[in-house]
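These notes are about the structure you will find just below.
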Ligand SMILES: Nc1nc2c(ncn2[C@@H]2O[C@H](COP(=O)(O)OP(=O)(O)O)[C@@H](O)[C@H]2O)c(=O)[nH]1
Ligand SMILES: [Mg+2]
């Protein structure tokens, strides 16, 4: 059986709009993915703990509060500390090009800016997950 | 180190990986389950079922905190439907889970039905085995909540909580749907809304009408307010009471034994079905057969007999 892509969507920080992320969640589901939606005001530790328990391939976060330069690195740090550095982290927000470069250098796989079509993020996610290889032995 | 070795060292990532391994039926998953099955005792498995929006997740969240306060470790499985059109799923039960302690104490896993229709996913009871083997004292399972009655929960749990709301309709509907038969504890949630007392009265008299052994468990009906944390202590108490009651009178054992029997039959049925269909796939053209039936040259009943005679008798 082909494995389903599992992706966790979260909204860290204090801004209280979840419309955008719900649209993305529905689009990912319609693309055949299993989407775990965690709701608003998630802290980086909550996001990473949930991602580990749900064994997701990727974490997608929406950050519209402008706090992307603190939240993304905080999530990455949490992932590394908890041995979850292999999970793909991507997100969306109003982020200038230079900062996108900076974030991608830190380990964020992709940052989408407002207006990017959902097909683009679906394509990105499929490719990124497809490239992920694991050589771990179960038994 | 293998993932299983890490699992034995109580590594949460390994637990999550193994749950996926079992859920995806990856090569070797049966052998792994067999290994873990030996470590499973008779921990408490609780099912929460009821229509969408009744407050199942809200109650799960409350109950988890009660168990934690009693020093228990809890694993939750929350099942949501897979879209039959896209194969995708939106799993949103996590939203209601608030202020959980670390995963060693409370572990939460969302599952999509992936085509199953009885209220759970095909792998749900196997995942419960994995969680118990990891060491969780209690496994709480929330069903999908879209079907009429979600019977799978009976075979996966020891104690079933059926959740209704004042808007759920009258007691006759609940009876017709067979909800009385599957409940060990009945909850009318959203008791802050009008109509709950009415429904409770109706349910009580409906329960009275049913012929019951006087020594049998008397199904309690509890009015709760999940959002206001009202009467949750009573619900918690009744769940524990039911557990103690069934463990004392042998019902718990009988039910578990029945579950084991069903499990074996299920495993055999799946095995036979898979093998038979694999054999057929190599040798029979379904297109041709469908043509024959569609144009009246054959009928499905005769075809069934013929195929069974030709390939099924071994
Ligand atoms: N009025 C009222 N609303 C409640 C109560 N319990 C839960 N809810 C709300 O009902 C909605 C559905 O709850 P949820 O737990 O997700 O239901 P589920 O679909 O059965 O899991 C949410 O908006 C809850 O906040 C209650 O006791 N009273
Ligand atoms: Mg729910």
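This table checks each residue for (1) surrounded by fewer than 24 Cβ atoms within 10 Å (Cβ to Cβ); (2) at the interface with chain B (Cβ under 9 Å from one of its Cβ atoms); (3) under 26 Å from residue B:12 (Cβ atoms).
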| residue | (1), (2), (3) |
| --- | --- |
| A:10 | no, no, yes |
| A:18 | yes, no, no |
| A:30 | yes, yes, no |
| A:34 | no, yes, yes |
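Results for (1) within 14 Å of chain A (Cβ to nearest Cβ); (2) touching a helix residue (DSSP H, G or I) at 6+ places or on another chain (Cβ under 8 Å); (3) more than 16 Å from ligand 2 (Cβ to nearest atom), shown as yes or no for each residue.
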residue	(1), (2), (3)
B:35	yes, yes, yes
B:61	yes, yes, no
B:65	no, no, yes
B:78	yes, yes, no
B:100	yes, yes, no
Checklist entry - Conditions: (1) away from chain B (no Cβ under 14 Å); (2) touching a residue at least 24 places away in the same chain (Cβ under 8 Å). Residue A:51 meets all but one. Number of the miss? => result (1)
Item to check | Identity of the residue in the stretch B:78-108, assigned to a loop (DSSP other than H, G, I, E, B) and surrounded by 18 or more Cβ atoms within 10 Å (Cβ to Cβ), that ends up nearest to ligand 1 (Cβ to nearest atom) | outcome: B:92
Item to check | Output for the stretch B:40-57, where each listed residue is surrounded by 13 or more Cβ atoms within 10 Å (Cβ to Cβ) and away from ligand 2 (no atom under 16 Å from the Cβ) | outcome: B:40, B:43, B:44, B:45
Checklist outcome for this item: Reported set for the stretch B:13-52 where residues are on the phi > 0 side of the Ramachandran plot and either more than 9 Å from ligand 1 (Cβ to nearest atom) or part of a helix (DSSP H, G or I) (or both) is B:25, B:28
Checklist outcome for this item: Considering residues that are more than 14 Å from chain B (Cβ to nearest Cβ) and assigned to a helix (DSSP H, G or I), the number found within the stretch A:85-118 is 10
Item to check | Selection status of residue B:55, modelled with pLDDT under 95 and within 16 Å of ligand 1 (Cβ to nearest atom) | outcome: no
Checklist outcome for this item: The residue from B:236, B:308 that alone is surrounded by 15 or more Cβ atoms within 10 Å (Cβ to Cβ), part of a helix (DSSP H, G or I) and in contact with a helix residue (DSSP H, G or I) (Cβ under 9 Å, 6 or more places away or on another chain) is B:236
Checklist entry - Can you pull out the residues in the stretch B:161-190 that are within 16 Å of ligand 2 (Cβ to nearest atom) and in a strand (DSSP E or B)? => result B:161, B:162, B:163, B:164, B:187
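The values are calculated or read from the model by the stated rules, or taken from the named source; none is laboratory data. Quantities reported herein were computed from a predicted structural model and do not represent experimental measurements. Virtual Cβ from ideal backbone geometry, glycine too; neighbours counted across all protein chains shown.
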